[in-house]
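Structure first, commentary second.
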Amino acid sequence: MVRKWIKWFYTMLIFAFLYAPIVVLMVFSFNDSKNTAKWEGFTFRWYQTLSENGLIMKALYYTVLVAIVSALIATVMGTLAAFGIHYMKTWRQKLVLNINSIPILNPDIVTGISLMTLFVAFKMELGLVTMILAHVAFNVPYVVLSVLPKLKQMSGDTLEAAMDLGATPWYAFRKVILPEIKSGIITGGLIAFTLSIDDFVISYFNTGNGVTNLSIAIYSMAKRGIKPEINALATLMFIFVLVMLILINKRTKIEEI
Amino acid sequence: MKDKIVMGRSLTKSYNGIEVVKGIDFWVKKNQFLTILGPSGCGKTTTLRMLAGFESPSSGQIFFEGNEITSLPPYQRHINTVFQKYALFPHMNIYENIAFGLRINKVSEKEVKSKVAKMLELVNLSGFETRKVNSLSGGQQQRIAIARALVNEPKVLLLDEPLGALDLKLRKDMQIELKNMQKELGITFIYVTHDQEEALTMSDKIIIMNQGEIQQIGTPTDIYNEPENAFVADFIGESNILDGIMHKDRLVTFAEKQFECVDGGFKKDEPVDVVIRPEDIKMVNVDEGILKGVVKSVVFKGVHYEMIIKGASKEWMIHSTQMAEEGSTVGLLILPDDIHIMSKEAGYA
């Protein structure tokens with residue numbers, strides 16, 4: 001009984017440690033005061049000023065644009081790459097898989113700076129295009145990792161059976177392979193989208209020309225002191241990412257059944 | 001040439017320099033049931049995959065109704081395949097699985113419906129249209145796989161150990177069903193298996209392969225009664241295989257005795273393999289037999305007893321409907337007709 005209680009307490013302690021800051025932030029986004037430390041009543045005011053803030057609305061637009069475009073490109077590229085890797089011989093497959101997972105383990109700052117160096121070396125102007133390219137680059141490995149297991153699950157004979165029945169490779173791909181790996185592709189796309197929304201470090205080094213995403217906007221606003229508006233924005237972002245995560249988890253759970 | 005619907009000419013396949021099929025020649029006639037039989041790794045599945053178009057031969061040619069199809073992709077061959085592991089499409093229901101080939105050929109929906117219904121009736125699974133693939137048992141899935149392959153009305157059906165994953169009773173039933181189907185539809189079947197009994201039951205013609213080479217081609221009766229070498233004899237049913245010396249035509253020595261036999265055409269005193277089927281050795285009284293031995297073990301096999309009899313130089317396996325007591329001494333009689341002499345060189349690997 002005591003052991004059970006200790007277990008429960010310990011779990012709660014960890015949750016408190018993890019989520020207390022977010023809870024505080026969320027609560028204070030409804031605080032009717034310019035002062036961030038003192039509670040002075042409930043208000044939706046900050047959410048309203050947020051929606052009237054042109055800078056933030058522009059950042060929101062770029063964030064969503066970059067997330068959609070980079071997730072789409074990364075999904076297509078990652079899926080094709082997963083196909084290539086799936087049909088490779090064992091040692092080559094291992095090698096390429098390891099190369100694929102290095103960017104995932106690589107610190108964001110290294111990825112960000114190396115991409116920037118590359119863009120500058122190619123004399124590309126930093127802006128929307130470079131930001132999208134950077135997001136594609138760090139998203140592709142995640143798509144590969146979510147599509148590959150679906151290909152592995154597929155019976156090796158499936159493609160041959162389709163072609164045997166008269167399907168051209170393209171027809172077989174659309175009618176037989178794609179439906180089999182669809183869930184992996186969608187999950188990969190959702191992960192890519194979420195990571196893109198979430199990213200700060202890599203975006204920070206690879207943008208310019210007044211193109212900023214939400215995390216960069218928050219960062220630059222925070223330099224001039226934390227306003228309750230930022231709390232409101234952070235709250236919205238947190239809720240959005242949470243919803244996305246629940247969606248992804250639900251998808252994987254359904255597939256397991 | 002005309003009635004040889006599929007023909008392979010010096011077909012060779014090698015992977016990384018290792019030949020798994022070594023220049024084999026064979027053909028199958030229209031409406032024949034051909035079985036390619038051999039132990040695992042003998043190249044039989046590779047041969048079938050070359051016929052289907054999944055593998056391209058390293059050298060050699062494949063002909064279909066007299067036209068070369070060696071380099072044609074699988075979707076341009078009028079040949080369909082039934083896979084060992086069914087390979088049904090899990091995201092489609094049974095109806096869509098069977099209709100797959102018809103949809104590619106843009107058959108009208110009305111015709112699709114009637115053809116699918118006909119196929120389901122053929123494989124005794126009417127009413128399964130809307131069922132999901134993974135709600136079916138292995139045997140049912142294999143029937144659907146057969147229906148899916150047959151709906152395209154292929155001239156040749158390739159079957160790659162289609163019954164391998166089924167239990168014994170179901171396998172026996174399906175063997176008879178497949179054979180009936182083949183006769184009824186008048187389609188050429190090319191069937192790959194490692195099960196010699198299955199091959200003997202179903203086939204019109206058997207190709208026996210070992211280590212990438214054809215050991216013998218013939219009817220089941222030919223292959224059982226007249227195996228061309230010790231490998232075939234050993235692989236098809238159980239056999240007593242001994243070393244012997246062929247003194248002259250129709251006279252052979254083995255087990256330290258001289259025997260009359262019916263074979264000839266060997267060199268003087270050529271070493272040979274002597275093959276005797278267990279059921280061809282007659283058990284008689286000690287003084288009537290040419291050989292004698294002590295009964296070492298007796299196993300009841302249903303129709304007959306399988307006995308191991310320890311002779312002077314060799315243990316004999318015999319099948320007999322009569323039983324001898326373990327430990328008793330019996331005489332053995334072998335008639336000239338039942339002694340099969342095989343050259344040592346003839347392809348025995």
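A short reminder: the numbers here are calculations on the coordinates, not readings from a lab. Quantities reported herein were computed from a predicted structural model and do not represent experimental measurements. Neighbour counts are summed over all protein chains in view; Cβ atoms, including those assigned to glycine, are modelled from backbone coordinates with ideal geometry.
Before moving on, here are some points about what is shown:
- Placing unit charges on the Cβ atoms of the charged side chains and taking the dipole of the protein assembly as shown about its Cα centre, the candidate lying farthest along the positive direction among A:THR187, B:PHE26, B:HIS78 is A:THR187.
- Nitroxide proxy distance, nm - points 7 Å out along Cα→Cβ at A:ILE239 and A:THR117: 4.2 nm
- Partner lysines whose Cα lies under 17 Å from the Cα of A:LYS89, excluding those fewer than 8 positions away in the same chain, are identified as A:LYS152.
- For the residue pairs A:LYS250/B:LYS132; B:LYS205/B:LYS267; B:LYS85/B:LYS106, alpha carbon separations beyond 25 Å are given by B:LYS205/B:LYS267; B:LYS85/B:LYS106.
- Spin-label pair B:ILE176/B:LEU251, simplified geometry with 7 Å Cα→Cβ offset, distance in nm: 5.2 nm
- Among B:GLY127, B:GLY265, B:GLY38, the largest mean-square fluctuation in a Gaussian network model of chain B, built with springs joining Cα atoms closer than 10 Å, belongs to B:GLY265.
- Think of chain B as a dipole: +1 on every Lys or Arg Cβ, -1 on every Asp or Glu Cβ, centred on the Cα centre; then among B:CYS261, B:PHE300, B:MET246, B:PHE300 lies furthest on the positive end.
- Ratio Rg/Rh [Cα only; Rh per Kirkwood] for chain B: 1.07
- Charges were assigned to the Cβ only: +1 to each Lys and Arg, -1 to each Asp and Glu. The resulting dipole of chain A about its Cα centre is roughly 500 debye.
- Put simply, the C-alpha atoms of chain A give a gyration tensor, and the ellipsoid matching it has half-axes of 39, 26, 17 Å, longest first.
- Hydrophobic long helices, here whole DSSP H runs in chain A with Kyte-Doolittle means of at least 0.5 and Cα atoms spread over 18 Å or more along the helix axis, are found at A:2-28, A:54-86, A:108-121, A:128-153, A:178-198, A:228-256.
- Long-range lysine pairs (8 or more apart or interchain), segment B:1-59, Cα under 18 Å: 7
- The longest part of chain A holding none of the exposed loop chymotrypsin sites (Phe, Trp or Tyr not before Pro), meaning those outside H, G, I, E and B in DSSP with at most 15 other Cβ atoms within 10 Å, is A:123-199.
- Bridgeable lysines around B:LYS314 (alpha carbons under 23 Å apart, same-chain partners fewer than 8 residues away excluded): B:LYS257, B:LYS282, B:LYS292, B:LYS296, B:LYS301, B:LYS344.
- Acute angle (nearest 10 degrees) that the helix B:94-104 long axis makes with the longest principal axis of chain B, alpha-carbon atoms: 70 degrees
- Per-residue Cβ neighbour rank within 10 angstrom, fewest leading, B:ARG143, B:ARG171, B:ARG148: B:ARG171, B:ARG143, B:ARG148
- Cβ-derived FRET efficiency at R0 35 Å, A:LYS4 paired with A:ALA222, nearest 0.05: 0.25
- Residues A:MET154 and A:VAL64, FRET efficiency given R0 of 35 Å [Cβ-Cβ distance, rounded to 0.05]: 0.55
- In order along segment B:119-125, the phi-based Karplus estimate (6.51 cos²θ - 1.76 cosθ + 1.60, θ = phi - 60°) of 3J(HN,Hα) comes to 5, 4, 5, 4, 9, 6, 10 Hz; Gly and Pro are listed as x.
- For B:LYS113, the aspartates and glutamates whose Cα falls under 20 Å of its own Cα, not counting residues fewer than eight places away in the same chain, are B:GLU96, B:GLU121, B:GLU129, B:GLU153.
- Averaged over the residues of peptide B:266-278, the number of Cβ atoms from other protein chains lying within 10 Å of each residue's Cβ is 0.
- Taking Cα centre as origin and charging only the Cβ of basic (Lys, Arg, +1) and acidic (Asp, Glu, -1) residues, the dipole magnitude of segment B:1-82 rounds to 160 debye.
- Mean per-residue shielding of peptide A:174-181 is 3, counting Cβ atoms of other chains within 10 Å of each Cβ.
- Annotation for B:ASN67 and B:GLU270: the two label points, set 7 Å from Cα along the Cα-Cβ direction, are 4.6 nm apart.
- Förster-model FRET efficiency, 35 Å R0, A:ILE22 and A:SER101, C-beta, rounded to 0.05: 0.75
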